[in-house]
Amino acid sequence: MNQNSLPESSSQSLTKLGVLAGQGDLPVQIVKACQDQGRSVFVLGFSGQFKSEFFAGVEYDVVPLGAVQKAIDTLKNHGCEELVMAGQLKRPSLFNLKLDGRGKKIVAKVGLGGLGDDKLLRALIEELESEGFRVVGSNDVLNQSLTVKSGVLTQALPDAQAQNDIEVGLNALHVMAPLDIGQAIIVQQGIVIGVEAVEGTDALIQRYAYLRKEGPAGVLVKAMKQSQEARADLPTIGPETVKHAITAGLCGIAISAHTTQILDQDQVIDLANQHNMFITTVETYA
């Protein structure tokens, strides 16, 4: 077992937190918040996707992505009572996932026609809670919410074309929500250039760089899906999102207010301001 030891917390009022860690900065920020709070934390990573160097000095273990029963046993063996899911996971095909019996039970519950991220996450959360774990959202763990209220966050403002593109993007996401496809879309001059699927937001932005048209630049619109499970997979942007957007030539980013997280918000806004890019939050159906 790949594991580093972490001294037990002196605080008795906080239960031990298990972090089901995907990629990105959010799991790292959650671990740091626990350390600042004096809270015991255990990180469960997944084979081929976990970067242990980001969690030096933290108690962790790694299991195959399809080994649901092993994951549950590992979390119990490490005394976790609360769990949080954080970060993006690259999900292989069902054929290559190599699900154990517990994993097959979850897939059978949602059915082969309902294997979108949200439906799978809901079923997984139900399975974890049936084992006595309490699943919480990342905002419940962090010292303060990463989500933001409505309004423009940057010096640059969306012009009329960008406002129209935002509306087109929000409407498209609303229509797609029942299909459980993705959280992000890029619209340029009223035309949908790309929709996020399994590749993730950064890859969607990079794809736009090759598909963009001449004229006013496009807008990335990212929002929580209607009726989405809020304790997992909240839409998130961070400095890397903005860097990719700058490189691809987007004019701005629009995110759903109250339901989208911004990691390292000051850095995100500073980067956008340096490149005359707007970031705005908007009210949505979610």
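Taken over segment 126-161, the criterion of being hydroxyl-bearing (Ser, Thr, Tyr) and not in a helix (DSSP H, G or I) is satisfied by Ser145, Thr147, Ser150, Thr154.
Beta carbons closer than 9 Å, at least 6 apart along the sequence or on distinct chains, pair a first residue in segment 262-284 that is charged (D, E, K, R) with a second that is assigned to a loop (DSSP other than H, G, I, E, B) for Asp264/Asp25; Asp264/Gly238; Glu283/Ser150; Glu283/Ala257; Glu283/His258. Scan segment 178-185 and give yes if some residue there is at pLDDT below 80 and in a helix (DSSP H, G or I), otherwise no. Looking for residues that are at pLDDT below 80 and in a helix (DSSP H, G or I), one finds at least one in segment 178-185, hence yes. Hey, could you check segment 152-181 for residues that are touching a strand residue (DSSP E or B) at 6+ places or on another chain (Cβ under 6 Å) and of a type outside the set (A, V, I, L, M, F, W, C) and say which is nearest to Thr284 (Cα to Cα)? Among residues in segment 152-181 that are touching a strand residue (DSSP E or B) at 6+ places or on another chain (Cβ under 6 Å) and of a type outside the set (A, V, I, L, M, F, W, C), the one nearest to Thr284 (Cα to Cα) is Gly169. Selection of segment 229-286 for residues being small (Gly, Ala, Ser) and over 16 Å from Gln183 (Cβ atoms) yields Ala248, Gly249, Gly252, Ala272.
Just to be sure before I move on: is Arg207 crowded, with 16+ Cβ neighbours inside 10 Å and either part of a loop (DSSP other than H, G, I, E, B) or in contact (Cβ under 8 Å) with a residue 40 or more places away in the chain (or both) in the structure I sent? Criteria not met by Arg207. Given the condition in contact with a helix residue (DSSP H, G or I) (Cβ under 9 Å, 6 or more places away or on another chain), farther than 30 Å from Val107 by Cβ and in contact (Cβ under 8 Å) with a residue 40 or more places away in the chain, answer yes or no: does some residue in segment 128-143 qualify? Within segment 128-143 (the criterion being in contact with a helix residue (DSSP H, G or I) (Cβ under 9 Å, 6 or more places away or on another chain), farther than 30 Å from Val107 by Cβ and in contact (Cβ under 8 Å) with a residue 40 or more places away in the chain), the answer is yes, since at least one residue qualifies. Do we have Ile185 as aliphatic (A, V, I, L, M), in contact with a Leu (Cβ under 8 Å, 6 or more places away or on another chain), without any contact (Cβ under 8 Å) to a residue 40 or more places away in the chain and crowded, with 23+ Cβ neighbours inside 10 Å here? Yes, satisfied. Looking at Ala156, is it in contact with a Phe, Trp or Tyr (Cβ under 7 Å, 6 or more places away or on another chain) and either surrounded by fewer than 21 Cβ atoms within 10 Å (Cβ to Cβ) or touching a residue at least 40 places away in the same chain (Cβ under 8 Å) (or both)? In short, yes. Just name the residue that is nearest to Tyr208 (Cα to Cα) out of those in segment 237-273 that are in a helix (DSSP H, G or I) and hydroxyl-bearing (Ser, Thr, Tyr). Here the residue is Thr247.
The values are calculated or read from the model by the stated rules, or taken from the named source; none is laboratory data. On a predicted model such as this, the values are computed, not experimentally measured, just so you know. Cβ sites come from the backbone with ideal geometry, for glycine too, and all protein chains shown count toward neighbours.
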